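Shown next, in structure tokens, is the structure this report addresses.
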Amino acid sequence: MDKGKFVERVLFLLALSSISSLVIITVFIFLEGLPLIFQTGFKNFILSSHWAPTKGHFGIGAMIVSSLLVTLGAMVLGVPLGLACAIILAEFSSPQLRGFLKPTLELLAGIPSVVYGFLGVIWLVPLIRNYLGGPGLSLLAAAVILGIMILPTIISISIDALTAVPDIYRDGSIALGATEWQTVRRVVLPAASSGIITAVILGMGRAVGETMAVIMVAGNAIKLPASILDPVRTLTSNIALELGYAAGRHREALFATGIVLFVIIMILNLSATLITRRR
Amino acid sequence: MSNFPAKKIAALKRLQWPGLPSAFPCPVLRLGKLLALMCLFLALPIFLGTMGCRGKAETLSHPLCIAGSTSVQPFAEKLAEVYMSQHPGVRIDVQGGGSSAGIFAAQQGAADLGASSRELVQAEKALHEIPIAWDGIAVIVHPSNPLTNLTLEQLRQIFQGKITNWRDLGLPHHAIDLISREEGSGTREAFEHLVMGKIEVSPGALVQDSNGAVREIVAGDPHALGYISAGLVDERVKAVAVDGILPTRENIKSQKYKLVRRFLLVGRAAPTGQCLDFIGFILSSQGQRLLETEGLVGVK
């Protein structure tokens, strides 16, 4: 057999196996979780906040809200920081500085999340407890840690989007008498907007899915938070916290939590893909 | 099955033969190497898997299986480890799953012994139970907290969410940072059984997934209150007396202290053979001493 063909086939098989594992995981999560959602009633499951799985109450409403709030908080902190960083690096700094700083920032992505969580517990949580009040383990702590964790995603994709804007745009704008800042704000940013939105959505996906660091700093109380200093439990934390002991219906409820999470992340990823493809 | 990847590797090696000019690094050649590596990785678990099975078959008697409470698990593992080092050829598998799962497994005969950190209910009384140790659940606060005593009723109201401020306990005004364990945990199960009864723990309580994590938070937060296994209380936290009695070793053993649970091993029938020998080891002075150094209180 032609060796090129052979390698091609083997590669195809390997690619297929990775896709099939995705399919298998999806089917498995849905098979395990759906029966419970039907039994409890979809509305009940999503809207109720009464979670006492060993006593037969399965409501993840508070956790959905908490997940969204934590993600929103991370966005509020991470997006301006990340975008500012990307603009400075892509538009206003020398290639040497960019060549040094961009890989350095991407190193942030390589730090294991448990390390972020540990830093949060040791350093951030006592700060919040002593200066702002509350137990310290809180929505705020989780949002700050996640805000830092999503920086590399947002910065590096935004930089790529900004550098992909052709120089003709900048030259044209400068030639028309615009200042550099006006050029960036009125010409380059709008031209790169789809890439930047993708960066933000992918960062959001990371924030929604993050587990370890959140478990360590968020406090994991099941109640709806009344302030940003209250402890919260996200969907991912709920699964990771309780999976160790869960059996029977409790286990199914955790898989059902996984379905909700799966759907949220699918929506985020799909919208990122759609936005990128539109341009 | 296991020689299938080997064939693949041989096929891939053949790919590298043609004498290509070395000045042009051929992508196919690199791919070949990459594929060979991938196949190796794929083959490794299969290989190790068969090794594992063979290892099992070589053991003379069938392995002793203990399943159940995750609170008992670390202690059972420690005991099994020491026992196995003294009796080469004997294998003991210790699994988690929770007390109820362990009792069920023992009833079904799926496990030789079930481990439980709760008492058997009426329907389970047919099982043969062997208490192996006492464990107290200590209510802990920060060392700077002047609180020394709580009544069981106060404790219940705190965890119910009725008392949420230290002011209600005669201390300066500040919210209580309440810490509980995750749903399904053996310690939480025992705490609910001993303190809460039918009442649910307040959803506003912080939840941590281990005794250590609860202790860590209480050690750092002057306004926190939580509960952990009494053996794990150290100088960084302060154990509070419940109904005037401190969770000391003596009080736990005599059951003067209220929040005490037994660790049980249960079996379908009275243990025999290897099983009996292992239980004998647990109840021997050596086994009990081992449990005491791990923080429990022995039954002997």
Exercise. Summing +1 for each Lys or Arg and -1 for each Asp or Glu, what net charge is found among the other residues whose Cβ lies under 13 Å from the Cβ of A:Ala74?
Worked result: 0
Exercise. Going down the list B:Lys125/B:Lys238; B:Lys162/B:Lys258; B:Lys125/B:Lys256; A:Lys3/A:Lys102; A:Lys55/A:Lys223; A:Lys223/B:Lys78, which pairs span over 28 Å between their C-alpha atoms?
Worked result: B:Lys125/B:Lys238; A:Lys3/A:Lys102; A:Lys223/B:Lys78
Problem set entry | Partner chain coverage, peptide B:122-133 - average Cβ within 10 angstrom | 0
Exercise. What spacing in nm lies between the two simple spin-label points modelled at A:Ile25 and A:Leu13, each 7 Å away from Cα in the Cβ direction?
Worked result: 2.3
Exercise. At what distance in nm do the modelled label points of A:Leu34 and B:Ser284 sit from each other, each positioned 7 Å from its Cα along Cα→Cβ?
Worked result: 5.6
Seminar exercise, completed: Taking the dipole of the protein assembly as shown about the Cα centre (Lys, Arg +1; Asp, Glu -1; charges at Cβ), the one of A:Val7, B:Ile228, B:Gln107 that reaches farthest to the positive side is A:Val7
Seminar exercise, completed: Projected area averaged over all directions for the convex hull of the alpha carbon atoms of the stretch A:151-211, nm², comes out at 4.1
Exercise. Taking H as built 1.01 Å from N, whose amide H comes closer than 5 Å to the amide H of B:Ala111, not counting residues under 5 places away?
Worked result: B:Ala106
For this session: Starting from the Cα of B:His128, step 7 Å along the direction of its Cβ; do the same at A:Ser93; then give the gap between the two resulting points in nm.
Result: 7.2
For this session: Within the stretch A:123-167, find all residues whose amide N lies under 17 Å from a label point positioned 7 Å from the Cα of A:Ser271 along Cα-to-beta-carbon.
Result: A:154
For this session: In whole Hz, with x marking every Gly and Pro, tabulate ³J(HN,Hα) for the stretch B:148-159 from phi via Karplus 6.51 cos²θ - 1.76 cosθ + 1.60, θ = phi - 60°.
Result: 10, 9, 10, 7, 4, 5, 4, 4, 4, 5, 5, 6
Seminar exercise, completed: In order over the stretch A:69-81: 3J(HN,Hα) from phi, Karplus 6.51/-1.76/1.60, θ = phi - 60°, whole Hz, x for each Gly or Pro, gives 5, 4, 5, 4, x, 4, 5, 4, 7, x, 5, x, 4
For this session: Grab the Cα-Cα distance for B:Glu153 and B:Thr293, subtract it from 0.36 nm times how many residues apart they are, and report the gain in nm with one decimal.
Result: 47.2 nm
Problem set entry | Cross-link reach list, aspartates and glutamates versus B:Lys253, counting only Cα pairs under 15 Å and skipping chain neighbours closer than eight places | B:Asp135, B:Glu292
Seminar exercise, completed: Honestly chain A on the Cα gyration tensor test (a ≥ b ≥ c root eigenvalues; a/c under 1.5 rounded, otherwise a/b vs b/c for prolate or oblate) is just oblate
Exercise. For the protein assembly as shown, what's the radius of gyration and Dmax over Cα atoms, in angstrom?
Worked result: 29.2, 94
Exercise. Going by a ≥ b ≥ c, the root eigenvalues of the Cα gyration tensor, does the stretch A:1-144 fall in the rounded group (a/c under 1.5), the prolate group (a/b larger than b/c) or the oblate group?
Worked result: oblate
Exercise. Which whole-angstrom value gives the distance between the alpha carbon centres of the stretch A:58-135 and the stretch A:139-186?
Worked result: 17
For this session: Could you please state, rounded to a whole Å, how far the C-alpha centre of the stretch A:11-54 is from the C-alpha centre of the stretch B:210-283?
Result: 37
Problem set entry | Pairwise centroid distance, computed over Cα atoms, of the stretch B:154-173 with the stretch A:236-250, Å | 30
Exercise. So what is the calculated 222 nm ellipticity per residue for chain A, using -39500 (n - 2.57) for each DSSP H run with n of 4 or more, over all residues, to the nearest 500 deg cm²/dmol?
Worked result: -23000 deg cm²/dmol
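Only Lys, Arg, Asp and Glu count, each charged at its Cβ (+1, +1, -1, -1), so figure out the dipole size of the protein assembly as shown about its Cα centre, rounded to 20 debye.
Here the protein assembly as shown has a charge dipole of around 1220 debye.
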Exercise. Is the shape of the stretch A:59-171 best called rounded, prolate or oblate, per the rule: a/c under 1.5 gives rounded, else a/b larger than b/c gives prolate, else oblate, with a ≥ b ≥ c the square roots of the Cα gyration tensor eigenvalues?
Worked result: prolate
Exercise. Among B:Gln73, A:Ile201, A:Tyr245, which residue has its Cα positioned farthest towards the positive end of the charge dipole of the protein assembly as shown, with +1 placed on the Cβ of Lys and Arg, -1 on the Cβ of Asp and Glu, and the dipole taken about the Cα centre?
Worked result: A:Ile201
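Bear in mind that the values in this text are calculations on the coordinates, not laboratory data. Keep in mind the model is a prediction, meaning the values are calculated, not measured. We place every Cβ from the backbone using ideal geometry, glycine too, and count neighbours over all the protein chains shown.
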